[in-house]
Amino acid sequence: MKIEVNGNSLELMIGDITKQSTEAIVNAANGTLMGGGGVDGAIHQAAGSELVEECKKIREEDLDGNYLRTGKAVITQGYDLPAKFVIHTVGPVWDGNNQVASEQLEESYLNSLNLAKENGITSITFPSISTGVYRYPVQLASVIALHTIVEFLQNNRFGDVTMTLFSERDYQVYKKALKGVLEKI
Ligand code: AR6
């Protein structure tokens, strides 16, 4: 499913994000930036070990040794990935409190998009942040993700945004959510 928003495009697709050749792909990371399971593990594996080396440098030099906070985003090269850049963001862990988590999830998408724009990137693809290991219900997360992206595209000349979903089920949930978001604007 592909739509046009203010001269930009937004597309939902099913696939493996490590295979996407958008300029940037987004990683659903954890605060250590040292890799993990799920999409994070797949991205680190496909990018090669130079990725973790750059992440270590960011932790030491830009974050004073601290973890990347929930909702924040940082950018690295893509190394062996088809994508030139990886934007790493930390989504919220679902604990049943939709108020706090929804704000943090919105921040993750928005900070990633703004960071991409600041770096002159015009095509980016997102995974379904927080809906795996972090257990955010996909029905709720999809509405926040798409509302945030659509609003950003309404306010910016960006280019192409896609969501690379990992299952037919997630794709159908996001498709329904997008229709709902578009009806409200
Ligand atoms: N391409 C696209 N989507 C994928 C891929 C892939 N190759 N692999 C998994 N997904 P998760 P989170 C989907 O758990 O919930 C990690 O250990 C997956 O089906 O990767 O934000 C990190 O280090 C799901 O729909 O991320 C953190 O500790 C979505 O990506 C923690 O998990 C997100 O699932 C982050 O948890």
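In summary, M163 fulfils each of the numbered conditions (1) assigned to a helix (DSSP H, G or I); (2) within 12 Å of the ligand (Cβ to nearest atom); (3) in contact with a helix residue (DSSP H, G or I) (Cβ under 9 Å, 6 or more places away or on another chain) with the single exception of condition (1).
The criterion of being farther than 20 Å from I14 by Cα and of a type in the set (S, T, Y) does not hold for T164. Of the strands (runs of 3 or more DSSP E) lying entirely inside the range 1-44, the ones with 1 or more residues being more than 17 Å from Y109 (Cβ to Cβ), over 14 Å from the mean Cα position of the chain (by Cα) and free of Cβ contacts under 8 Å to residues at least 40 places away in the same chain are found at 2-5.
For the structure I just gave you, tell me whether L51 is crowded, with 16+ Cβ neighbours inside 10 Å, away from the ligand (no atom under 12 Å from the Cβ) and part of a strand (DSSP E or B). Judged against the criteria, L51 is not a match.
Once the range 129-174 is narrowed to residues that are in contact (Cβ under 8 Å) with a residue 60 or more places away in the chain and among the aromatic types (F, W, Y), the residue that is nearest to S112 (Cα to Cα) is F158. Output yes when any residue across the range 77-90 is surrounded by fewer than 18 Cβ atoms within 10 Å (Cβ to Cβ) and within 12 Å of the ligand (Cβ to nearest atom), and no when none is. No: zero hits. If a residue must be closer than 15 Å to L81 by Cα and near the ligand (Cβ under 8 Å from one of its atoms), how many such residues does the range 36-45 contain? Here the count works out to 5. Just for the range 92-109: of the residues that are within 17 Å of V161 (Cβ to Cβ) and of a type outside the set (A, V, I, L, M, F, W, C), which one is nearest to the ligand (Cβ to nearest atom)? Here the residue is S108.
Values in this text are rule-based calculations from the coordinates and carry no lab data. None of the values given here were measured: they were computed from a predicted structure. Here Cβ is always computed from backbone atoms with ideal geometry, including for glycine, and neighbour counts include all displayed protein chains.
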